[in-house]
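Below you'll find the structure, written out as structure tokens, and then a few comments.
The values are calculated or read from the model by the stated rules, or taken from the named source; none is laboratory data. Note that the structure is a prediction, hence the values are computed from the model and not measured. Here the Cβ is made from the backbone with ideal geometry for all residues, glycine too, and neighbour counts use every protein chain on show. Side chains are part of the model used for accessible areas, which takes the heavy atoms of the whole protein and leaves out ligands, DNA and RNA. Shrake-Rupley method; radii C 1.70, N 1.55, O 1.52, S 1.80 Å.
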Amino acid sequence: MFLSGIKQDLIFSISLLLQGNVLRHILLTRYFGNQRILSKSEFGSGNSSAGGFGGGTLVQDSDKPSSSMVDIQCLLDSEGASELVIDLIVSTKNDRVFQESILLGNALLRGGNTQIQNSFYHQLHKQKKSERFFKVFYDRMRLAQQEIRATVSVNMFEVSTCRKREEDVDVSHSGIRLRKTVKDSSLHMKDNMRGQLKEASSATSKAFVSFRKDLDTDLEVLDGQAGDGPGGGGEEREEETQMSPAITIMKPILRYLQLLCENHNRNLQNFLRNQNNKTNYNLVCETLQFLDIMCGSTTGGLGLLGLYINEGNVDLVRQTLETITEYCQGPCHENQSCIAKHESNGIDIIIALIVNSINPLGKNRMDLVLELKNNASKLLLAIMESRHDSENAEKILYKMRPMELVDVMKEAYAQGLESEAEENSIGDQIKPKDVGHNIYILAHQLARHSKFLQQSLRPLAAGLLLNDDTEGGDALGYYANHTAQIEIVRHDRTMEQIVFPVPNICEYLTEESKTRVFTTTERDDQGSKVNDFFTQFDDLYNEMRWQKKIRNNLALFWFSRHISLWGSISFYLAVLVNVAVALFYPFGDDGDEGILPPFVSILLWVALVVCTAMLFILPKPGSVRPFLVSVILRSIYTLGLGPTLLLLGAANLLNKIVFLVSFVGNQGTFTRGYKAVVMDMPFLYHVGYIIVCMLGLFVHEFFYSFLLFDLLNREETLLNVIKSVTRNGRSIVLTAVLALILVYLFSIVGFLFLKDDFLMDVQRLPGKLETLKDGRAPSDKCLKDGCPDYLPTSVTMEEDDGTERVCDTLLMCIVTVLNQGLRNGGGVGDVLRKPSKDDPLFAARVVYDLLFFFIVIIIVLNLIFGVIIDTFADLRSEKQRKEEILKTTCFICGLERDKFDNKTVSFEEHIRSEHNMWHYLYFLVLVRVKDPTEYTGPESYVAQMIKPDTVFQCDCEPPASAADSAKKREKKNTQNVTEHPPPFPLPSISLPFFSHPLLLIIFSDLEKNLDWFPRMRAMSLVSSEGDGEQNEMRSLQEKLDSTVTLVSLLSSQLSELKDQMTEQRKNKQMMGFLGPAGVNNHHIPAH
């Protein structure tokens, strides 16, 4: 009861979390709509498996555990729950207690909790409990296999009898009565025999169950679990009750073994195969043997899977496939080789599950058959995962016909089309297309080792081989378009090719975003662009999600899809409006637009009709310009200039509003919060554009002139002209400040010594010439300003001579030198009084003019012009270099085109298939949307690389039961360090580098780990000789490692044997069989 209470408490906590997840799912559904209720296969991951595992429901097992659930699991583990599970499994003889212990272990391990896995490994490995622990599972598997062997013959006899009757009935319906009359007696006898056998089997089963109930009254729960079928019908219950408890208990056991290896725990994967004990129990081989017997290969019925797999045991078969898959993924090469080289028909069974039809189960529950095929294909992929040799792939190819895979893909594609037409695929039910996609990826991996299969996967070749040019080619064409491949670099610097399904959400990425990312991403020091490309991933992924959401709003999606068209129309309307304003302003009623001859007017009507037809036939931005020109000209000479400008302004305003709606629809601006809206400069720019359109429409036509600045936003060349001034703006401003300082100094010198030379010719306005000959000011000015009766004589003389003194004050000197000196080619000397050689300051004047000319005009101004010109030249060369790089350099690895000359793979093929930049983006999306517990080995590796802060926290040492308090104190200390970080530089730390939480935060914030990207490397450039040498070295290393392991195993066994011999010798001496100790000291002389 104590064990049940612990499990019930954990299940209750998990149920509360699940209720919260359900509520969250309902709220998301109400907000986003029905498109959120999708299976994982909607994302195209191709690795989602419908249905729950043993001991849990679908949602519980498929979702990653929340932090609260992990805390509960860790809390129970710290109280000794994992040790309790191991002790109960080893010591109990009660089936109910054993079952509850397995379910408790499943609850602790749910979600692949690494700490719980390490705790189990520590208890089994360090404390030497593994031999008895694995012996229990080994015996359970052996008992289940015996039960299956004992019952499969009776089931086979029943099914064969039924099939014989159906065949005879079919023959009788065809008109051949003779055969039926001959076999009537035999059929009657078989019917009687079948009924007797069925009654005997039912009676035996009931007697066995009643006998077990007498021994254990709690067995009803186990029997009830065995009787819960998928459909709940009477026939299903009858079939399931025939499965003995020894077989039904295997499902939670296999689930437990799967959870031990979840998230590719390499230690436990190897530990299930080899415990380094005196007696090793290879549970990997036993699980494969169990699958072999479950599917009936030991009876010789390999191709008759439908006779053995039914709704009662299909969940157990599926769980077995998933467990074996988890054994291999990571990859664990030893388990892969163990499964591939096993003497049983395991590989044959897995292949048969993929290529054969499983009837009669497939007629009633095709979804269950699809799950089996999906899991079987994933298992074969796991067996070949991350292997650099072709041994396993060749074994698989040897046992199958390649065209069978193509046929299965074609059939799955056809079923997918039918299900889409019927719209009967709902919830988490797996789709036939996804199953076919997984099989296509399996065939793609096998095609590397089979030229015939490689040719068969080509859509055109497949159509010819299948004698079907449409359906077979369409199926393979669909799978090829939705499959991508990339190359990654492992920790040991070896490269690996990954083939994966493209998530469906990736199809919502717009072409505008692709062009923008491709042209604006910057290169790093190693010539690769992956660093900058990776920083844009979140924005691109959010855009995909937003685009997927607006697909349900057809109007918004239509406007958003034509955003470039609306932008072109706005610019052309702005240009035409300003042309009309420039030609005909000011507007009057005297016929500014003129009158057209009749022939020209007819030609204009014809041009309008033709341009309108082109707009609908060729809906491109190029056809918009002639249409707008013809409409405007026709309206000017039909409606008039004023109404035409009003209509053009209103049309431009309306079109820009449509453009803004499209822009918001593409970017999802308002979903990012008000702060993001305020900081979004493109959005503010378009809002300002609308405001200017309203000012031009309602205030004055001259405001339309500001719309022409949109050309800067549209043309990169013109934008570079502006950047030539703004990029080095600091240098230009500082140089201008130096020029002002020099002007100020020259103004002081001119004010002190050359004040009389600052005489300039002026031309006054006609109204200012009304001066009295006696020097009086104009009467109207005197009445307003109260000026004196007489002006200074100097002013009247200057006015009479047409000159004016401009340096009577220092301020006027500065203004004159700045204005006239910088604008004249010779400097300020061009506007001063021409001096005579007899003047006393003639030499000073010459020096003054020359210094100003050389220092200010020649040096300072040319410095400013030089900075602008050099910047513009740099921008132009940078643009040309960028265009050259885009054409001749790989975006991902940075290799240039000439590296692929005279190679088997061209540069175009390399950037299209091997290092396609969008394939890497799709792979990151796949890692984002896929359930972490469903990751393959490469996917898990990349997920850890892009999340370094979580990677190194998971790779911690398992907590020891005796040191829990010390570790808690250490955890508190590290939390204090995190909350109050010390000033830099940090003192030396005795912990490993990545185990310190502060350094973890620094590492994750400063730089993402992008070492998995191939830089300056490509697998196609590796020569076959070097590849062969590398494979040979790798095989030698593997052989050396296996030899070292074998030697250590033999040494341990030898030491154990020596200890046993010593113990036996002591026992015999104590019993007196060997006599006194001195007699036994004689040694046999060595020969």
Select from the stretch 86-137 the residues that are open to solvent by 10 Å² or more (accessible area, probe 1.4 Å), aliphatic (A, V, I, L, M) and under 25 Å from K278 (Cβ atoms) and list them in ascending order. L88, V90, V136
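Filter the stretch 317-364 for residues that are assigned to a loop (DSSP other than H, G, I, E, B) and small (G, A, S); which is surrounded by the fewest Cβ atoms within 10 Å (Cβ to Cβ)? Explain how you work it out, then say what you get.
Going through the stretch 317-364, the residues assigned to a loop (DSSP other than H, G, I, E, B) turn out to be 329-332, 341-345, 356-360.
Filter once more, keeping what is small (G, A, S): 330, 344, 357.
Numbers: G330: 24, S344: 17, S357: 13.
By that ranking, first place goes to S357.
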Looking for something of a type in the set (S, T, N, Q) and within 27 Å of the chain's Cα centre (by Cα) - is there at least one such residue anywhere in the stretch 354-374? yes
Subset of the stretch 272-300 (residues that are open to solvent by less than 10 Å² (accessible area, probe 1.4 Å) and under 29 Å from L1046 (Cβ atoms)): L272, Q275, L283, V284, T287, L288, F290, L291, D292
Exactly one condition in (1) in contact (Cβ under 8 Å) with a residue 24 or more places away in the chain; (2) under 24 Å from the mean Cα position of the chain (by Cα); (3) surrounded by fewer than 14 Cβ atoms within 10 Å (Cβ to Cβ) is false for K879; which is it? (2)
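Of all the residues that make up the stretch 347-387, how many are of a type in the set (A, V, I, L, M, F, W, C) and in contact with a strand residue (DSSP E or B) (Cβ under 7 Å, 6 or more places away or on another chain)?
Step one: list which residues in the stretch 347-387 are of a type in the set (A, V, I, L, M, F, W, C), which gives 347, 349-355, 358, 361, 366, 368-370, 372, 376, 379-384.
Filter once more, so that each one left must be in contact with a strand residue (DSSP E or B) (Cβ under 7 Å, 6 or more places away or on another chain): none.
Count: 0.
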When L654 is run through (1) aliphatic (A, V, I, L, M); (2) modelled with pLDDT under 80; (3) out of contact with any helix residue (DSSP H, G or I) (no Cβ under 7 Å at 6 or more places or on another chain), the failure sits at (2)
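Pick out, from the stretch 685-755, the helices (runs of 4 or more DSSP H) lying fully within it that include 2 or more residues that are more than 46 Å from the chain's Cα centre (by Cα) and not aromatic (F, W, Y). Steps first, answer last, please.
On the way: elements: 710-714, 716-726, 729-753.
By residue number, 729-753.
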Picked from the stretch 800-829 (must be loosely packed, with under 14 Cβ neighbours inside 10 Å and farther than 13 Å from K755 by Cα), the residue modelled with the lowest pLDDT is D800
Which one of these is outside any helix (DSSP H, G or I) and open to solvent by 20 Å² or more (accessible area, probe 1.4 Å): E512, E522? E522
Here is a list of conditions, (1) at pLDDT 85 or above; (2) surrounded by fewer than 18 Cβ atoms within 10 Å (Cβ to Cβ); (3) of a type outside the set (F, W, Y), and G303 meets all of them except one; can you say which number that is? (1)
Please indicate, with yes or no, whether at least one residue in the stretch 478-490 is among the polar types (S, T, N, Q), at pLDDT below 85 and surrounded by fewer than 19 Cβ atoms within 10 Å (Cβ to Cβ). no
With (1) closer than 22 Å to N263 by Cβ; (2) in a helix (DSSP H, G or I); (3) not acidic (D, E) as the list, and V408 as the residue in question, which single condition is left unmet? (1)
Taking I550 and the conditions (1) open to solvent by 30 Å² or more (accessible area, probe 1.4 Å); (2) closer than 30 Å to L417 by Cβ; (3) modelled with pLDDT under 85, which numbered condition does it fall short on, given that it satisfies the others? (1)
Report every pair of residues separated by at least 6 positions or lying on different chains whose Cβ atoms are under 6 Å apart, first residue within the stretch 409-422 and more than 15 Å from H482 (Cα to Cα), second among the hydroxyl-bearing types (S, T, Y). S419/S425
Look at the stretch 814-850 and say how many of its residues are closer than 21 Å to A736 by Cβ and touching a residue at least 12 places away in the same chain (Cβ under 8 Å). 11
Is it the case that the stretch 94-112 has a residue that's touching a residue at least 60 places away in the same chain (Cβ under 8 Å), part of a helix (DSSP H, G or I), over 30 Å from N310 (Cβ atoms) and out of contact with any helix residue (DSSP H, G or I) (no Cβ under 7 Å at 6 or more places or on another chain)? no
From the list K399, K395, K431, pick out the single residue that is under 26 Å from Q269 (Cα atoms) and not acidic (D, E). K395
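Does at least one position in the stretch 894-901 carry a residue that is within 30 Å of M1016 (Cα to Cα), part of a loop (DSSP other than H, G, I, E, B), among the charged types (D, E, K, R) and under 43 Å from the mean Cα position of the chain (by Cα)?
Yes, because at least one residue in the stretch 894-901 is within 30 Å of M1016 (Cα to Cα), part of a loop (DSSP other than H, G, I, E, B), among the charged types (D, E, K, R) and under 43 Å from the mean Cα position of the chain (by Cα).
Report, by residue number, each residue of the stretch 810-838 that is touching a helix residue (DSSP H, G or I) at 6+ places or on another chain (Cβ under 8 Å) and β-branched (V, I, T).
Initially, the stretch 810-838 is screened for residues touching a helix residue (DSSP H, G or I) at 6+ places or on another chain (Cβ under 8 Å), giving 810, 813-814, 816-818, 820-822, 824-833, 835-836.
If the condition is that a residue be touching a helix residue (DSSP H, G or I) at 6+ places or on another chain (Cβ under 8 Å) and β-branched (V, I, T), then I814, T816, V817, V828, V831 are the ones that fit.
Yes/no per residue for (1) acidic (D, E); (2) in contact with a Leu (Cβ under 9 Å, 6 or more places away or on another chain); (3) open to solvent by less than 20 Å² (accessible area, probe 1.4 Å):
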residue	(1), (2), (3)
A651	no, yes, no
M681	no, no, no
G688	no, no, no
I691	no, no, no
G696	no, yes, yes
D710	yes, no, yes
E716	yes, no, no
